[in-house]
Structure formats: structure tokens, C-alpha cells
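Data block below; observations after.
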């Protein structure tokens, strides 16, 4: 077990109210949080159409995860698969799946799916490289 998470417990999450770690979820009835996740401060999650975060996912601070976009009226569930890592200040758009062990560089706009074991970055994202499985 990673020493950092040796005392990890599920945080208390209330709709629209910051957690003790200073991140917020709206529509918690459509939100699932996996084991030993790490979500950075000031991250906003709109789970209206579903946000599913699997085990060991890390999300940097100041990220935005949208299952619904009021600008273009797109909606769809967002899935962050096991052990994926999202850099600080990223925006994840509706309907996107980020694959297992994938890495998203900081300041990225994720507007399409990211394959397992892949590193992406940019606005919008572009593939940087394939990652070796751990």
C-alpha cells in the first residue's frame, strides 16, 4: 500500500458544499468515488449525467469535470478509470472516458477519450506517448 494513503478514508461529500479537502461535487446522486483517490483542492465536479472515478485515481487542483455543458448543451457520463492521473487545471468535457493508467498533462482540455496506458496533453489534448504497463 502507498504510504501516502495508509490512513485514507472516504470523504464526506454533500451536494454543492466543499469537502474538507476543498473540492465540490454537484448532483452527488450520480457520483461514484473509488478507493484511495486523491482530488486536489478547488476542483469542481458536475455529475448531473454521471461521473465515475475508479480506484487510485489522482486529480490535480483546480480541475473541472463536466458531465453537462450548458454552452453547447452536450451531456454524457465521465469515467476516470483505475490509476489514471489528471494534472492541475485540466478541464474534462462530457462523455469522456480516461483509460486505466492514463496520464493527462496539466492545463489540458480533454474533449475526447484517452486510451489505457497513454499520456496526453494540450488544449485540446494530443497523444504524447504510450506508457508501459506497471
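We did not get these values from a lab; they are worked out from the coordinates using the rules stated. Keep in mind that what you see is a predicted model, and the values were worked out from it rather than measured. In this analysis, Cβ positions are derived from the backbone assuming ideal geometry, glycine residues included, and neighbour counts consider all displayed protein chains.
Identify which of 97, 118, 70 has the largest mean-square fluctuation in a Gaussian network model of the chain, with springs joining Cα atoms closer than 10 Å.
The residue with the greatest mean-square fluctuation here is 70.
Looking at the range 15-130, send over the antiparallel percent of its DSSP beta bridges, to the nearest 5. Intermediate results must be reported in sequence, preceding the final value.
On the way: 5 of 32 bridges.
Around 15 percent antiparallel, to the nearest 5.
Dividing the convex hull volume of the alpha carbon atoms of the range 31-113 by its residue count, what do you get in Å³ per residue? Mind showing how you got there, number by number?
Details: hull volume 5.8 nm³, N = 83.
Cα convex hull per residue, to the nearest whole number: 70 Å³.
Could you put 114, 24 in order, starting from the residue whose Cβ has the fewest other Cβ atoms within 10 Å?
24, 114
If contacts are Cα pairs under 8 angstrom and at least 6 residues apart, what is the relative contact order of the range 15-130 in percent? Could the numbers behind the result be given before it?
Working: 368 pairs, mean separation 19.0, N = 116.
Contact order relative to length: 16 percent.
Given points 7 Å out from each Cα along the Cα-Cβ axis, report the residue 74 to residue 28 separation in nanometres with one decimal.
2.9 nm
Please give the contour-minus-distance gain from residue 111 to residue 19: 0.36 nm per residue of separation, less the Cα-Cα distance, rounded to one decimal in nm. Spell out each step's value before the answer.
Details: separation 92, 0.36 × 92 = 33.12 nm, distance 2.66 nm.
Working it through step by step, the gained length comes to 30.5 nm.
What list do you get for 12, 100 if you sort them by fewest beta carbons within 10 Å? Kindly include the intermediate steps, with their values, before the conclusion.
Numbers: 12 8, 100 18.
Listed from fewest to most nearby Cβ atoms, that is 12, 100.
Stick to the Cα atoms of the range 68-109, pair each with every other, and give me the Kirkwood hydrodynamic radius in Å at one decimal.
Numbers: mean 1/r = 0.0920 Å⁻¹.
This gives a value of 10.9 Å.
How high is the relative contact order of the range 1-82, in percent, counting Cα pairs under 8 Å that sit 6 or more residues apart? Walk me through the intermediate numbers first.
Numbers: 176 pairs, mean separation 19.0, N = 82.
Relative contact order here is 23 percent.
Suppose R0 equals 30 Å. What FRET efficiency, 1/(1 + (r/R0)^6) with r the Cβ-Cβ distance, do residue 9 and residue 126 give to the nearest 0.05?
Values: r = 37 Å, r/R0 = 1.24.
In this case the efficiency is close to 0.20.
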